[in-house]
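Read the structure below first, then the notes.
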Amino acid sequence: MSVLTESEFWELVTAEDKTAEPESVCNTLREKLTHLSDEQLMEFDKQFSLRMRKAYTWDLFGAAFVMAGCNDDYGFSEFLCWLISRGEGAFLKALENPDSVADCTPVYHLNEQPYPYLDEYDLIAGMLFEERNDDELPFIPSGLEQPKGKRFKDKPKFLKQAYPRLFAKYWQ
């Protein structure tokens, strides 16, 4: 297999155990990616980056804010990694309707709080490539300084209106 198809990408990236600790989810992906060729690692990284870019919207940032108090770019990136790990169906639904993230259950909890974050999930392919080749993967710039769309209003009444299901489920 020389190139990585879209279905193969989703098969690799989708977490099997939705309640597993984030570190375990990352380790599982790392194990799966070790079997790829360098060319496939490059393709995986490119596909992952394109999905991160596509999901880099204020609407999804608002969903992360309601669900888990996400309030910075780094946390939002970790949230998008988690969303991608939920699989193609959940990811595409969230792009269409960010409130559908409420359907992504079960969710790992840390200190009794929902923890929809995967630290450096998007960097695993690059780290493997670098270990093998003593060189970095080609950089794919996102081209975006700000999320796409209009920034969400963070007052509870607006959040409840924009994200009714997430708000009912997660807002404290």
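For segment 115-172, which residues satisfy the criterion of being among the acidic types (Asp, Glu) and over 30 Å from Asp103 (Cβ atoms)? Break it down into steps so the answer makes sense when it comes.
So the first thing to find is which residues in segment 115-172 are among the acidic types (Asp, Glu), and the list is 119-120, 122, 130-131, 134-136, 145, 154.
Those that are among the acidic types (Asp, Glu) and over 30 Å from Asp103 (Cβ atoms): Glu130, Glu131, Asp134, Asp135, Glu136, Glu145.
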Subject >> segment 122-140: number of residues that are open to solvent by 90 Å² or more (accessible area, probe 1.4 Å) and not in a loop (DSSP other than H, G, I, E, B) >> reply: 2
**OP:** Note down all Cβ pairs under 8 Å where the first residue falls in segment 30-52 and is under 18 Å from Asp135 (Cα atoms), the second is among the hydroxyl-bearing types (Ser, Thr, Tyr), and they're at least six residues apart or on different chains.
**Re:** Ser37/Ser2; Glu39/Ser2; Gln40/Ser2
Subject >> Test: residue in segment 19-40 that is surrounded by fewer than 21 Cβ atoms within 10 Å (Cβ to Cβ), charged (D, E, K, R) and within 27 Å of Phe152 (Cβ to Cβ) >> reply: no
Subject >> Residue within segment 161-168 that is over 13 Å from Ala63 (Cα atoms), surrounded by 13 or more Cβ atoms within 10 Å (Cβ to Cβ) and either touching a residue at least 60 places away in the same chain (Cβ under 8 Å) or aliphatic (A, V, I, L, M) (or both) present >> reply: no
Original post:
Any residue at all in segment 111-121 that is open to solvent by 60 Å² or more (accessible area, probe 1.4 Å), assigned to a loop (DSSP other than H, G, I, E, B), more than 18 Å from Arg30 (Cβ to Cβ) and in contact with a His (Cβ under 7 Å, 6 or more places away or on another chain)?
Top reply: yes
**OP:** Name the single residue, out of those in segment 76-110 being more than 14 Å from Arg51 (Cβ to Cβ) and among the polar types (S, T, N, Q), that is least open to solvent (accessible area, probe 1.4 Å).
**Re:** Ser100
Original post:
Name the residues in segment 28-39 that are outside any loop (DSSP other than H, G, I, E, B) and at pLDDT 95 or above, would you?
Top reply: Thr28, Leu29, Arg30, Glu31, Lys32, Leu33
Original post:
Can you name the residue in segment 56-70 that is within 18 Å of Asp122 (Cβ to Cβ) and part of a loop (DSSP other than H, G, I, E, B) and, of all such residues, is most open to solvent (accessible area, probe 1.4 Å)?
Top reply: Tyr56
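If you check Tyr74, Tyr115, which single one turns out to be in contact with a strand residue (DSSP E or B) (Cβ under 9 Å, 6 or more places away or on another chain) and of a type in the set (Ser, Thr, Tyr)?
On the way: Tyr74 fails: in contact with a strand residue (DSSP E or B) (Cβ under 9 Å, 6 or more places away or on another chain).
Result: Tyr115 is the single residue among Tyr74, Tyr115 that is in contact with a strand residue (DSSP E or B) (Cβ under 9 Å, 6 or more places away or on another chain) and of a type in the set (Ser, Thr, Tyr).
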Original post:
Can you name the residue in segment 141-160 that is open to solvent by less than 70 Å² (accessible area, probe 1.4 Å) and within 17 Å of the chain's Cα centre (by Cα) and is also modelled with the highest pLDDT among such residues?
Top reply: Pro147
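The values are calculated or read from the model by the stated rules, or taken from the named source; none is laboratory data. Here the structure is a predicted model, which is why all the values come from computation and not from measurement. Every residue, glycine among them, receives a Cβ derived from its backbone with ideal geometry; neighbour counts consider all protein chains shown. Protein only, heavy atoms only, side chains kept; ligands, DNA and RNA dropped before computing areas. Shrake-Rupley method; radii C 1.70, N 1.55, O 1.52, S 1.80 Å.
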